[in-house]
Amino acid sequence: MTERRLVVTADDLGRDPRTDATVLDLLREGHVTATTLLAVAPGAADAAAGAVALGSTPRLHATITSERGLAPWPPRSPGSAVMADGGALPLDTGLALARASVDDVVAEVAAQLAWMRAQGMAPAGLDSHAGTLYGLDGGPWLHPVLRWCASEGLAFRLPRDLRPYLGRPEPEVAALHARAVALADDLGVALPAAMITNRSSAAALGRYETLRQQLVVALDSLPAGTSELFLHPADGLPGPVGQVRAWEARLLRDPVWHDAVASAAVELVGDWWSNP
């Protein structure tokens, strides 16, 4: 039987100085095996340089929306139709849907990749910040993005098995997912076996131990092959979002979590495309 492997990824490198410091510390300490970069964020260049100095080339965290609570992010494609009023990426996917064509979105993702390459990085894969490229909320972008990934030789974070992430999906979602996985296979775009994350707020979790228990249990749901755990760790951010991100950072350093990974016989690796 194929063994189970897990990529442990810290998302959102470049988001803000405290996130960057936490992610780089986790990379330095060996508690995460990969990271993804918000190429549109003001701190992206310095944060990425820090990761590369630690031997980790970030993947592209493709972004077509800004994030509430932060200064809006400008697109990397000048004059992009993805922009909202004021020249920044919109806060919600609905506005992006209303303003941008499929070609506009692919052009913006391509511009973000080009910017990373111009900084001397060669990311081998990408995923979607806030899930906007996956199309589960009506966006028509997933198949064109997969075709673009194939043309660029990039892997994509789309799980082959949705259940560890979503539970048993609705039939419509399952059908959309099956078509996307089939297309990725036809195009030769490498996908992880599954993915797990924290999808709960601090209020819903109530305490750190609940988060830890949920992710320890999630290890048992991983299929054979290489899956991915992605979290958004950050120490010292304010508010409820800061609380849950601090708990995620704590988890990644927690000996109880490390023991659970070892007990589940899950090997930690850096990617899913060279460790299928």
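Taking segment 251-267 as the range and being within 12 Å of residue 227 (Cα to Cα) and buried (at least 17 other Cβ atoms within 10 Å of the Cβ) as the test, only 266 passes.
With respect to residue 2, is the statement that it is farther than 23 Å from residue 72 by Cα and either at pLDDT below 95 or over 16 Å from the mean Cα position of the chain (by Cα) (or both) true? If you could, list the steps in order and put the result at the bottom.
Details: farther than 23 Å from residue 72 by Cα: yes; either at pLDDT below 95 or over 16 Å from the mean Cα position of the chain (by Cα) (or both): yes.
Yes.
Among the conditions (1) out of contact with any Lys or Arg (no Cβ under 9 Å at 6 or more places or on another chain); (2) surrounded by fewer than 18 Cβ atoms within 10 Å (Cβ to Cβ); (3) of a type in the set (Gly, Ala, Ser); (4) under 21 Å from residue 61 (Cβ atoms), residue 114 misses just one, which is (1). Using the structure shown, decide if residue 121 is touching a residue at least 60 places away in the same chain (Cβ under 8 Å) and part of a helix (DSSP H, G or I). No, not satisfied. Out of 13, 6, 37, one residue alone is closer than 21 Å to residue 272 by Cβ and either in contact with a His (Cβ under 6 Å, 6 or more places away or on another chain) or among the small types (Gly, Ala, Ser) (or both). It is 37. A single entry from 174, 203, 180, 130 fulfils the requirement of being assigned to a helix (DSSP H, G or I), farther than 25 Å from residue 91 by Cβ and touching a residue at least 24 places away in the same chain (Cβ under 8 Å): 180. Quick check, is residue 241 of a type in the set (A, V, I, L, M), closer than 23 Å to residue 69 by Cβ and in contact (Cβ under 8 Å) with a residue 12 or more places away in the chain? So residue 241 fits the description; yes.
Could you list, ordered by first residue, the pairs with Cβ atoms under 6 Å in which the first is in segment 140-154 and over 16 Å from residue 179 (Cα atoms) and the second is in a helix (DSSP H, G or I) and modelled with pLDDT under 95, at least 6 apart or interchain? Pairs that qualify, where the first residue is over 16 Å from residue 179 (Cα atoms) and the partner is in a helix (DSSP H, G or I) and modelled with pLDDT under 95, are 148/106. Only one entry in 65, 57, 36 is in a loop (DSSP other than H, G, I, E, B), hydroxyl-bearing (Ser, Thr, Tyr) and touching a Phe, Trp or Tyr at 6+ places or on another chain (Cβ under 9 Å), namely 65. Among the residues of segment 51-92, which ones are closer than 28 Å to residue 272 by Cα and either β-branched (Val, Ile, Thr) or surrounded by fewer than 19 Cβ atoms within 10 Å (Cβ to Cβ) (or both)? Within segment 51-92, 52, 53, 54, 55, 57, 63, 64, 65 qualify.
From the list 23, 32, which one is within 18 Å of residue 236 (Cα to Cα), in contact (Cβ under 8 Å) with a residue 24 or more places away in the chain and either β-branched (Val, Ile, Thr) or touching a strand residue (DSSP E or B) at 6+ places or on another chain (Cβ under 8 Å) (or both)? Of 23, 32, the one residue that is within 18 Å of residue 236 (Cα to Cα), in contact (Cβ under 8 Å) with a residue 24 or more places away in the chain and either β-branched (Val, Ile, Thr) or touching a strand residue (DSSP E or B) at 6+ places or on another chain (Cβ under 8 Å) (or both) is 23. Among the residues of segment 153-175, those that are surrounded by fewer than 17 Cβ atoms within 10 Å (Cβ to Cβ) and of a type outside the set (Lys, Arg) comprise 153, 166, 167, 169, 170, 171, 172, 173, 174, 175.
The values are calculated or read from the model by the stated rules, or taken from the named source; none is laboratory data. Quick caveat, the model's predicted, so the values are computed rather than measured. Glycine also receives a Cβ, built like all others from the backbone with ideal geometry; neighbour counts cover every protein chain displayed.
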